[in-house]
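The values are calculated or read from the model by the stated rules, or taken from the named source; none is laboratory data. All values reported here derive from a predicted model rather than from experimental measurement. Counting neighbours? That spans all protein chains shown, and the Cβs are built from the backbone with ideal geometry, glycine included.
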Amino acid sequence: MAYIKTLSYEEADDELKAVYDNITGSRGKLAEVHKIQSLNPPALMAHMDLYLKVMFGKSPLKRYQREMLGVVVSAANRCPYCIEHHRQALLFYWKDDERTRRFIANPSEAGLGAGDLALCRFAKALTEAPWESGEEQIEALRRAGFDDRSILDATQVIAYFNFVNRMVLALGVEFNDEEASGYNY
């Protein structure tokens, strides 16, 4: 149970209902991570705008790569809610449950190519020791074939998930199997 008050659709005022309707229209359903922000509808809407642009907007990164980054960051932060939600999304693309489970435990055991492994190393390093990030890590991504736009997009995804993981963990957002699946991917 969340550590702060949340508002269901039935309890929402017109402003929050409009935000909830917008989220349901774009994502297919409302998640607990949305409800935890229900006391501040404008911030929730800004959060969703950022999420949709970073995760679904035009990018040289493939959708599965962005989900993969979200899982790596969430695993490094030990955020079960986000691991499961984005494992489900990764499963949508990979269609291989065993591979996604191996990936969560150790990305190098999931049969990834060199570029995807480089992205995963970057995500883990930037999450665990951002003060050590720098030109050397960026050059490693370039050597793996990523251009500057790809590197920017990867960094935005990694930063986004660090933000959300901290909010979810701090405010006690929980999930069950039904809540964690069935979104528009």
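Name every residue in the range 66-117 that is in a helix (DSSP H, G or I), small (Gly, Ala, Ser), over 27 Å from residue 167 (Cβ atoms) and without any contact (Cβ under 8 Å) to a residue 24 or more places away in the chain, in order of residue number. Within the range 66-117, 108 is the sole residue that qualifies.
Looking across the range 29-65, the residues that are closer than 15 Å to residue 150 by Cβ, in a loop (DSSP other than H, G, I, E, B) and of a type outside the set (D, E, K, R) come down to 57, 59, 60, 61.
For the range 165-181, a residue qualifies if it is surrounded by 15 or more Cβ atoms within 10 Å (Cβ to Cβ), farther than 12 Å from residue 2 by Cβ and at pLDDT below 95, and the qualifying residues are 179, 180, 181. Scanning the range 154-176 for residues that are farther than 15 Å from residue 86 by Cβ and polar (S, T, N, Q) yields 155, 156, 176.
In the set (1) farther than 19 Å from residue 107 by Cα; (2) of a type outside the set (S, T, N, Q); (3) part of a loop (DSSP other than H, G, I, E, B), the condition left unmet by residue 169 is number (3). Residues in the range 2-28 that are closer than 25 Å to residue 89 by Cβ and not in a helix (DSSP H, G or I): 5 in all. When 140, 144, 123 are checked against the criterion of being in contact (Cβ under 8 Å) with a residue 12 or more places away in the chain and either crowded, with 19+ Cβ neighbours inside 10 Å or touching a His at 6+ places or on another chain (Cβ under 8 Å) (or both), a single residue qualifies: 123. Evaluate the range 40-48: report whether one residue or more is crowded, with 17+ Cβ neighbours inside 10 Å, under 16 Å from residue 184 (Cα atoms) and not hydrophobic (A, V, I, L, M, F, W, C). Taking every residue of the range 40-48 in turn, none turns out to be crowded, with 17+ Cβ neighbours inside 10 Å, under 16 Å from residue 184 (Cα atoms) and not hydrophobic (A, V, I, L, M, F, W, C). Residues that are of a type in the set (Gly, Ala, Ser) and either part of a helix (DSSP H, G or I) or within 18 Å of residue 63 (Cβ to Cβ) (or both): does the range 128-137 have at least one? The answer is no, given that none of the residues of the range 128-137 is of a type in the set (Gly, Ala, Ser) and either part of a helix (DSSP H, G or I) or within 18 Å of residue 63 (Cβ to Cβ) (or both).
If the condition is being touching a helix residue (DSSP H, G or I) at 6+ places or on another chain (Cβ under 8 Å) and surrounded by 15 or more Cβ atoms within 10 Å (Cβ to Cβ), then the range 1-26 contributes 6, 7, 12, 16, 19, 20, 23.
To keep it simple, each residue is scored yes or no on (1) at pLDDT 95 or above; (2) in contact with a helix residue (DSSP H, G or I) (Cβ under 9 Å, 6 or more places away or on another chain); (3) among the acidic types (Asp, Glu); (4) buried (at least 18 other Cβ atoms within 10 Å of the Cβ).
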| position | (1), (2), (3), (4) |
| --- | --- |
| 89 | no, yes, no, yes |
| 128 | yes, yes, yes, no |
| 150 | yes, yes, no, yes |
| 154 | yes, yes, no, yes |
